[in-house]
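Here's the structure, in structure tokens; my notes come after.
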Amino acid sequence: MYRLAVLLSGRGSNFEAILNAIKNGYIKNGKIVVVISNNKEARGLKVAKDNGLDAIFVDPKGKDRETYDREIVEILKKYDVDYVLLAGYMRILSGYFVNSFKNRILNIHPALLPSFKGLHAQRQAIEKGVRFSGATVHFVTENLDDGPIIVQSVVPVYDSDDEDSLSERILKTEHKIYPLAVKLLTEDRLKINNGRVLVDWDEADDFYVTNPKVGGEDGV
Ligand code: GAR
């Protein structure tokens, strides 16, 4: 059983999606051992507590990035964490943090990376006029929103969309692909090869259209 930590800054709906996937047995080989936030008021911290999980606020005030991250890494080590899941965690990680958990940190970003990195990815997509956007779960490296891609979802962007409506459409798919990525991770079905993630797909992974065992060689 892999030991998972979730880092979040706000609402925590992706965290909830992962928690539900653990509860209903979709993710079998992982359990959340601690939830950490840089925001005392984060709804996600409350959800964690309500579910009987250890929920820790680490105050960033007056600390530089690395000092703060050393505190977090210490907690993660204390909890003997195998994998770190960033779920709406609105801080850039220091090199120290990334190297302490090399290839063991996942993030979800509300765009089809490498497009629209950084803040307000959905707004960036609308402003650029793309017809499709989506979400990406990827391994975290020292470069922002830039690590090896694990799974992606695709959604249409309509002329009538604003940032909120597109965010909502993307979020629904985030709640599917993050649990899928964690399932693949904790079943040891991901391999990083020259910056690419190779997945050991299964017929059961039916959400992901580029799964050749479901969608056929051309996808969909
Ligand atoms: C999600 O849309 C996630 O993709 C995004 O923040 C939201 C968090 O929602 N993350 C980023 O923009 C990171 N660059 P949640 O707290 O309900 O999971």
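Could you give the length gained by full extension between ARG11 and LYS117, i.e. 0.36 nm per residue of separation minus their alpha carbon distance, to one decimal place? Write down the numbers at each step before the final one.
Details: separation 106, 0.36 × 106 = 38.16 nm, distance 2.05 nm.
Computed gain between ARG11 and LYS117 is 36.1 nm.
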Karplus-derived HN-Hα couplings along region 37-54 (A = 6.51, B = -1.76, C = 1.60, θ = phi - 60°), whole Hz, x at Gly and Pro: 9, 8, 10, 4, 8, 4, 4, x, 5, 5, 4, 4, 4, 4, 9, x, 9, 5
Built amide H within the under 5 Å cut-off of ILE56, gap 5+: VAL35, ILE36, SER37
Heavy-atom accessible area per residue - the chain, 1.4 Å, Å²: 51
³J(HN,Hα) computed for each position of region 181-191 - Karplus, 6.51 cos²θ - 1.76 cosθ + 1.60, integer Hz, glycine/proline x: 4, 5, 4, 4, 4, 7, 9, 6, 10, 10, 10
Backbone HN-Hα couplings from phi across region 98-103 [Karplus 6.51/-1.76/1.60, Hz, Gly and Pro as x]: 4, 6, 6, 10, 4, 6
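Sorted from largest to smallest, which semi-axis lengths in Å does the alpha carbon gyration tensor of the chain give for its equivalent ellipsoid, taking the root of 5 times each eigenvalue? It would help to have the intermediate numbers written out before the result.
On the way: eigenvalues 140, 88, 58 Å².
Semi-axes from the Cα gyration tensor: 26, 21, 17 Å.
Would you work out what percent of the accessible area of region 1-107, with all protein chains in place, is carbon or sulfur (probe 1.4 Å)? Please list the in-between numbers first.
Values: 2360 of 5120 Å².
Summing carbon and sulfur atoms, their accessible area is 46 percent of the total for region 1-107.
Which longest run of the chain has no exposed loop site in it, a site being GluC sites (Glu not before Pro) in a DSSP loop with at most 15 other beta carbons within 10 Å, and the site itself not part of the run? Could the numbers behind the result be given before it?
Details: sites that count: GLU41, GLU142, GLU187, GLU203, GLU217.
In short, 42-141.
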Under-5 Å amide H pairs with TYR2, H placed in peptide plane, nonlocal only: GLY30, LYS31
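The values are calculated or read from the model by the stated rules, or taken from the named source; none is laboratory data. Quick caveat, the model's predicted, so the values are computed rather than measured. Neighbour counts are summed over all protein chains in view; Cβ atoms, including those assigned to glycine, are modelled from backbone coordinates with ideal geometry. Quick note on the areas: whole protein, heavy atoms, side chains included, nothing else; ligands and nucleic acids left out. Shrake-Rupley method; radii C 1.70, N 1.55, O 1.52, S 1.80 Å.
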